[in-house]
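Undergrad: Structure incoming, see below.
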Amino acid sequence: MKTWDNIVKISRSVNDGKLSAVDLVNESLSLIDASHDYNAIISTIKKRALERAKIIDNAVKSGKNMGRLAGVPFIAKDNFLTFGGETTAASNILKGFNAPYQSSAIEKLESEGAICVAKANLDAFAHGASTENSDFMITKNPHDKDRVPGGSSGGSAASVVLGLAPFSIGTDTGGSIRQPAAFSGCIGLKPTYGLISRSGVVAMASSTDCIGPMTRTVGEASLLLDIMSGRDSLDSTTIDKDSLGYITLDSDIKGKKIGLVKEYFDESLSPDIKASIDDMVNKLKTAGAEIIDISLPILPSALAVYYILCPAEVSSNLSRYDGQRFGYSYKAANDLNESYSESRALGFGKEAKRRIIIGTYVLSSGYYDAYYKKAQLVRTKIVNDFHKAFKSVDFLLGPVAPTQAFKIGEKSNDPLAMYLSDVLTVAPNLAGIPAITIPIDIKNNLPVAIQLMAAQKNDRKLLGAAKKIEELV
Amino acid sequence: MVKLSQKDILKLANLAQLKLTPEETAEFSSELSLILDYVSQLDKVDVKGLEPTYQVTGLNNVTREDKKIDYKLDKKLLMENLPSSKDGQIKVKRMIA
Amino acid sequence: MINKNKYLYKGYLPTIGIECHVQLKTKTKLFSGIDNDARDAKPNTLVSHICFGLPGSLPVLNEEALVLGSKAGFALNSRPQRNSHFDRKHYFYPDLPKGYQITQFEAPIVLGGSVKIVVNDEDLVIGITRAHLEEDAGKSTHDVGKDYSLVDLNRAGTPLLEIVSEPDIHSSAEAKAYARELHLLMQYADVSEANLYYGNMRFDVNVSVSKDDNLGTRSETKNLNSFKSVEKTVDYEIKRQVDLLEKGQAIVQETRGFDDSKQRTFSQRTKEDAHDYRYFPEPDIPPIVLSDEFIDSIKLSMPIMPDAWRASLSTAKLDSAQIELLLESEIENPSVSYLSVINQFLDKPEELKKIANWIINIEIPLRKEKPSLTLYDDSVRSKQYIEVFKLLNSGDLSSNGTQELITYLLTSEEEIIDVSVFANKKGLTQNSNKDELGDIVSKILADNPKAVDDIKSGEDKVIGFLVGQVMKASKGSANPGLAQKIIRDQINSL
């Protein structure tokens, strides 16, 4: 596994002319090539990446500073629309789709000199928690090829851990950054909802979709959040970034109150994970943090809320994949209805179909109030309970998932069991609050991680505490 | 417990323009019943006096000026992505008899 | 309560509700900064990733749509709602790129309202249920004999206001009057170009008939784009439905189209394949909360609406045909305003009546005939009209001269400020100087002794001949009324 320098150092070297962006891109591409048996990458953007690298090298030669990410290669989950190659969301229905515009997040990274070299595998349309739902291939856990890397941003997580590029970006609708970060062993940040523009990212569940960085260090995640965050005129749900930015962090934990969420430590939690978290909690105590036991009784309902709202929005957002304007189209159709129903039948994988059917059901007339509306009401309770909790504590701490990375195939025939993998991650998405995964241990040759949450828009504070935990590991 | 029959599933599939195989229909019928059973735990949650949360940002009135925007869209790619076209139009199976 | 009897057709009471889609006059589309005017554009050239419904595209609301929607609220005798939001309405159709239409279902921008109409001199009030903002679909064409359709998304995303009436309409005449009045209202409120030819206003007409107090099964005839087709559709549907019922057959709830060439409606699809639209609040657009300041500022910005004009103009004794002609003419050519001239005289009934008549009888026909005519500022035209009025009142201008003078003023290539000097120069003023005229009359009487005798012996009509002689001698500048009076005076004193 390649160990890249910190991206701050890389870009400084590129701006100083000591490192060549072309060399960096070539290195990343050859690493990708060498580790193809992990199935982390769907496609590379070689031509465009090298072109951009050359432009950066030339500009540096003429004395220009090319930005805070000058020449830094990165890998984007394949649900970010990018120039220079296909964007598939790991689905057959988008195979062959060449995006005519780029996602805002990629644009912002590029404006600081970063270079997207490849697109990472995911559960098709980000529907899943293992990357087994990719229509193309199953990504393997960097620590154990028989295990899943987590999902849906499994390819992005594996890429960072395998060192294919210094960082990657992913999306998190119900845990899709944090859970693979925990399973594969990297930092995974889900910022406050709205902090990073969703424009140009294949939508899953619009009201909880978040974009975030996946890195090896908290500092790098902070830099990337600083670059990608803020209002975007192309996304009406974006919010202003913190006036202080996210670069300089306050990592002093002394006197800070950390709540241990009772509901997150029930009997389903693996004892190994529990023991690792206990160790970290003790270290935090020693470092001066005040540890408080806290209960949010509504949390067990969060998954049920999520598995109504998410499929509802999914069924709506997937309506545009109809074989008429882009992507897969069933050519042998006799009429319009057949063109629709066959294009969608052949283009969507089973999980997409499953969610479309559930979503269609909970939105259909006669059931809307009982399911969709009821779920949004319970969501209010979740929002309120978090709000109340953050009045008494600065952070909430718990595991990311009840278990470490599971075996490939272990849950793929049981959708409900797979959905339960999200049980500890969905609540922050429903409430829109920031949460981060920090690896804290290795057990059974697999990473163990914790999840830290903060109040809405307290991303800066969250990153500060995460940095402290990183130091304590 | 809510049961979704195969007929119910087919009706939903029809609404969603999704052709399902008999196997998928059978599978979804039993799985969805399980999932609906799981989410029925919400029935017990008291939500009296609460308003639904459709969005979490607290934003409102997010608008743009009535001005043209150059989105820098690659129009050539846009048209090349069309599965079928004719004279710059999107060609689809006949919409009306 | 309505008087049902006058509406009955073979014993059935027709009930009609109308949904009208009004295209808002914004520069860009409802959710993307793309040119709204697709009239002369090649297919799929006025599109963005948003109009195309590409993956990852997000709607961003055009603020002007909120302004125009709010204005429409006041025009509909209502006011915009403080809280509204957008919803998604799902169905599959090739002209609907996202597989859902962004519309307002739960909380529209306008709730309630009314439109006043006059039919057969009777005032009626048609209730407005709601008016909501939504995006238009693309345009599709279906060449005869082909197995395909072609879709152009230039129109996709154009902002519409859908105005839904209560089922308060009971005849084709009322339906037509309602459609016409909506058309006026939308133009006066400056909400829409309301060009029917370009489909800026499209009517969906719901018709049912019933013998009792329960509403019958309705048909919905969609996409009518003229008042006449609205009227014809209602007539046709009432007759069709009653005939079916009389034959003992049932009405099918269905969507119908109108065939212009055959002047009849035809079945498009029945409600069997009706959609379950699965509405839910649009998560990509934050809700709308209009402030009191905003709503008040819209209210203040509202122009004088047709009903207010009707009230003012009828106090000036204009009849309703004249008033309606003025109201219609006002919007026929957006670059000419007649009412803004008339507006200057609202507190002077005498002037108002005269000038309104001149505008109706002289200016409007003239501009129709010569659309390229130079248009002078409203203030200039107002001044000219008041000058003409003064000249006429003082007797310096004849009625015949008036028409000629106004025509000159309107067609002149240069702006004429001093109207009386101009009228003099053109020889349009009449001579009302008694001494001067007296001299001319004395001379004419002396030259025509026989005519003088005839008049004296009672053949009074000969006086016309003498007046003619005076006009001739004065080269047409004499005031004929005054000339006649002097002739009589001189003959009597002979």
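Undergrad: Yes or no: C:Asn77 at pLDDT below 95 and of a type in the set (S, T, N, Q)?
TA: On the way: at pLDDT below 95: no; of a type in the set (S, T, N, Q): yes.
So C:Asn77 does not fit the description; no.
Undergrad: If A:Leu296 satisfies every condition in (1) more than 9 Å from chain C (Cβ to nearest Cβ); (2) open to solvent by less than 20 Å² (accessible area, probe 1.4 Å); (3) in a helix (DSSP H, G or I) but one, which is the exception?
TA: The single condition A:Leu296 does not satisfy is (3).
Undergrad: If only one of A:Asn337, A:Asn317 is part of a helix (DSSP H, G or I), facing chain C (nearest Cβ under 10 Å) and open to solvent by 20 Å² or more (accessible area, probe 1.4 Å), which one is it?
TA: Checking each option against the conditions leaves just A:Asn337.
Undergrad: I would also like to ask the following. Looking at the range A:271-291, can you tell me whether even one residue there is without any contact (Cβ under 8 Å) to a residue 60 or more places away in the chain and crowded, with 17+ Cβ neighbours inside 10 Å?
TA: Yes.
Undergrad: A further question follows. Test C:Arg269 against the stated conditions and say whether it is open to solvent by 30 Å² or more (accessible area, probe 1.4 Å), within 14 Å of chain A (Cβ to nearest Cβ) and outside any loop (DSSP other than H, G, I, E, B).
TA: Judged against the criteria, C:Arg269 is a match.
Undergrad: Could you tell me which residue of the range A:209-220 is nearest to A:Asn79 (Cα to Cα), considering only residues that are open to solvent by less than 10 Å² (accessible area, probe 1.4 Å) and out of contact with any Cys (no Cβ under 7 Å at 6 or more places or on another chain)?
TA: The qualifying residue nearest to A:Asn79 (Cα to Cα) is A:Ile211.
Undergrad: Now for a different question. Checking C:Val144 against (1) under 25 Å from A:Arg198 (Cβ atoms); (2) away from chain A (no Cβ under 14 Å); (3) aliphatic (A, V, I, L, M); (4) part of a loop (DSSP other than H, G, I, E, B), which test does it fail?
TA: (1)
Undergrad: Give all pairs with beta carbons closer than 8 Å in which a residue from the range A:248-262 that is at positive phi meets a residue that is open to solvent by 50 Å² or more (accessible area, probe 1.4 Å); count only pairs at least 6 apart in sequence or on separate chains.
TA: Within 8 Å, the pairs are A:Gly255/A:Glu290.
Undergrad: Still on this structure: Looking at the range C:24-130, what strands (runs of 3 or more DSSP E) fall wholly within it and have at least 1 residues that are within 14 Å of chain A (Cβ to nearest Cβ), within 30 Å of the chain's Cα centre (by Cα) and farther than 20 Å from C:Leu184 by Cβ? Break it down stepwise before answering.
TA: Details: elements: C:87-90, C:100-103, C:114-119.
Strands (runs of 3 or more DSSP E) meeting the threshold: C:100-103.
Undergrad: So which residues in the range C:390-413 are open to solvent by 20 Å² or more (accessible area, probe 1.4 Å) and over 17 Å from C:Leu366 (Cβ atoms)?
TA: C:Lys390, C:Leu392, C:Asn393, C:Ser394, C:Asp396, C:Ser398, C:Ser399
Undergrad: If only one of C:Leu366, C:Leu325 is outside any loop (DSSP other than H, G, I, E, B), surrounded by 14 or more Cβ atoms within 10 Å (Cβ to Cβ) and either touching a Leu at 6+ places or on another chain (Cβ under 7 Å) or of a type in the set (Ser, Thr, Tyr) (or both), which one is it?
TA: C:Leu366
Undergrad: Continuing with the same structure: Quick one: A:Leu346 ticks every box in (1) under 22 Å from the mean Cα position of the chain (by Cα); (2) open to solvent by 20 Å² or more (accessible area, probe 1.4 Å); (3) within 14 Å of B:Leu18 (Cβ to Cβ) bar one, so which box is it?
TA: Looking at each condition in turn, A:Leu346 falls short on (1).
Undergrad: Are any residues in the range C:455-493 over 13 Å from C:Val441 (Cα atoms) and either in contact with a Pro (Cβ under 6 Å, 6 or more places away or on another chain) or open to solvent by less than 30 Å² (accessible area, probe 1.4 Å) (or both), and if so, which ones?
TA: Across the range C:455-493, the qualifying residues are C:Ile455, C:Val462.
Undergrad: Oh, and also: Applying the selection to the range C:133-182, what residues are under 30 Å from C:Ile50 (Cα atoms), under 22 Å from the mean Cα position of the chain (by Cα) and open to solvent by 10 Å² or more (accessible area, probe 1.4 Å)?
TA: Of all residues in the range C:133-182, those under 30 Å from C:Ile50 (Cα atoms) come to C:133-143, C:146-164.
Next cut, under 22 Å from the mean Cα position of the chain (by Cα) only: C:159-164.
Within the range C:133-182, C:Glu162, C:Val164 meet the criteria.
Undergrad: Quick one: is C:Glu193 part of a loop (DSSP other than H, G, I, E, B), under 19 Å from the mean Cα position of the chain (by Cα) and not hydrophobic (A, V, I, L, M, F, W, C)?
TA: Numbers: part of a loop (DSSP other than H, G, I, E, B): yes; under 19 Å from the mean Cα position of the chain (by Cα): yes; not hydrophobic (A, V, I, L, M, F, W, C): yes.
Answer is yes for this residue.
Undergrad: Among the candidates A:Ala455, A:Ala435, single out the residue that is over 16 Å from the mean Cα position of the chain (by Cα) and among the small types (Gly, Ala, Ser).
TA: One residue alone meets the criteria, A:Ala455.
The values are calculated or read from the model by the stated rules, or taken from the named source; none is laboratory data. Please read these numbers as outputs of a predicted model, since none were measured by experiment. With ideal geometry, Cβ positions are generated from the backbone for all residues, glycine too; neighbour counts draw on all protein chains shown. All accessible areas refer to the heavy atoms of the entire protein, side chains included, with ligands and DNA or RNA removed. Shrake-Rupley method; radii C 1.70, N 1.55, O 1.52, S 1.80 Å.
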